[in-house]
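First up is the structure itself, then whatever we jot down about it.
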Amino acid sequence: MTGRTAGGVRRGRGGRVRRALAAAVVLAGVAAVAGGAVPEQTGAGDGAAAAVAGADPPDRRREDTSPPAPTASPAPPGDPLAAPAPSRPADALAEAAARARRITDRTTEWASFTLVDRATGRTVGDSRAAQRTNVESVVKAWLAADLLATAERAGRQLTAYERGRMATMLRDSDDDDAEVIWRQLGGDSSIRRMISTCRMTDTTVYPEMWSLTQISPRDMARLGSCLVPGPGRLLSARTGRELLGLMRTVSRSDAFGIPEAQPAGAGVPVAVKNGWTEHGGAGRWNVNCLAMWGEDLRWVLAVAVRYPIPRRLAYGAGVCRRVTDALFP
């Protein structure tokens, strides 16, 4: 008895159709494998097709022995505990020079500085460090050193007269005393000795006027370095002590600028020789500051300023102090 379903399809015919369809699918699969084709995997749809075809379910299929396709290895994740790459150490001297340059660059009408670190041999300054200005009374430090060195080469001590003149020339910046000593040393010949002895590259003699010797801030710093005593230097330990003792006891009114910033520490004196002149014809002040301090006089600083007369001496002294504060905060 065959009977019919509600849809009018014979049950027996339907069974034969299913068996024929299954056989066709199997034959197609064999043909595909024989032809080298790999069916695309589509997830859940494959399980349904396998069930229709009468094939084993996915978890019972034969293992695929073909080698897997190569895959890129994932990059290892960063180690959050790994030490960061070492950063370049800060250059304290360069940073200090940059602070000081911001002050001289903004100064009206002209200002410049040079700092020498004698312990390392490094020198820092600004873009005007090779430009010339009047040396003013800074040269008195050289005149005193030249007097001491000349007497020592001659194998004699300074006379009381010479020593008195030298003391007031440095402590009180007396121009008359400087004139006497300068002439005793040969006038312009002493300035030429300064240029050669201290290896100055920018300084020029102004004939018969020691105060108008043209000098750059970097040569001013070279002058300070040149006055440091020691074996084989211009000044011996004995003569150097005498000079530095006078430079460390300059009268208070003349020890402006660098000493006011106390770069050697509170209450520690520095060796200083400043120079300042109000030039009415030019309508400007010329103010120079030179100082040395530290162990074995490690630090030598020169600051030079030119500006209009109405600003008075205090303005130039303030520039010297601010540059020092920037270098040694």
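The values are calculated or read from the model by the stated rules, or taken from the named source; none is laboratory data. Only a predicted model underlies this, so the values are computations on that prediction, with no experimental measurement involved. In this analysis, Cβ positions are derived from the backbone assuming ideal geometry, glycine residues included, and neighbour counts consider all displayed protein chains. These accessible areas exclude ligands, DNA and RNA; they are computed on the full protein's heavy atoms, side chains included. Shrake-Rupley method; radii C 1.70, N 1.55, O 1.52, S 1.80 Å.
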Here are some residues: Leu147, Leu223, Leu235. Which one is crowded, with 20+ Cβ neighbours inside 10 Å and outside any helix (DSSP H, G or I)?
Leu235
Condition (residue is within 20 Å of Glu136 (Cβ to Cβ) and either touching a His at 6+ places or on another chain (Cβ under 8 Å) or among the charged types (D, E, K, R) (or both)) applied to the range 197-207: is it met by at least one residue?
yes
Name the residues in the range 260-316 that are open to solvent by 10 Å² or more (accessible area, probe 1.4 Å) and among the polar types (S, T, N, Q), would you?
Gln262, Thr277
The range 279-307 residues that are at positive phi and among the acidic types (Asp, Glu), paired with ones that are surrounded by fewer than 16 Cβ atoms within 10 Å (Cβ to Cβ) and part of a loop (DSSP other than H, G, I, E, B) (beta carbon under 9 Å, 6 or more apart):
Asp296/Ala119; Asp296/Gly230
Taking the range 244-259, which residues are in a helix (DSSP H, G or I) and surrounded by 15 or more Cβ atoms within 10 Å (Cβ to Cβ)?
Leu244, Leu246, Met247, Asp254, Pro259
Just to be sure I understand, how many residues within the range 116-144 are of a type in the set (A, V, I, L, M, F, W, C) and part of a strand (DSSP E or B)?
2
Within the range 176-196, considering residues that are of a type in the set (Gly, Ala, Ser) and not in a helix (DSSP H, G or I), the one surrounded by the most Cβ atoms within 10 Å (Cβ to Cβ)
Gly187
Working only within the range 279-329, note down all residues that are of a type in the set (Phe, Trp, Tyr) and assigned to a loop (DSSP other than H, G, I, E, B).
Phe328
Listed residues Arg241, Arg199; which is open to solvent by 40 Å² or more (accessible area, probe 1.4 Å), under 21 Å from Thr120 (Cα atoms), touching a residue at least 12 places away in the same chain (Cβ under 8 Å) and not aromatic (Phe, Trp, Tyr)?
Arg199
Of the residues Val250, Val228, Val319, Val287, which is modelled with pLDDT of 95 or more and under 20 Å from Ala119 (Cβ atoms)?
Val228
Assuming Gly267 fulfils every condition listed in (1) in contact (Cβ under 8 Å) with a residue 60 or more places away in the chain; (2) on the phi > 0 side of the Ramachandran plot; (3) part of a loop (DSSP other than H, G, I, E, B) apart from one, which condition is it?
(1)
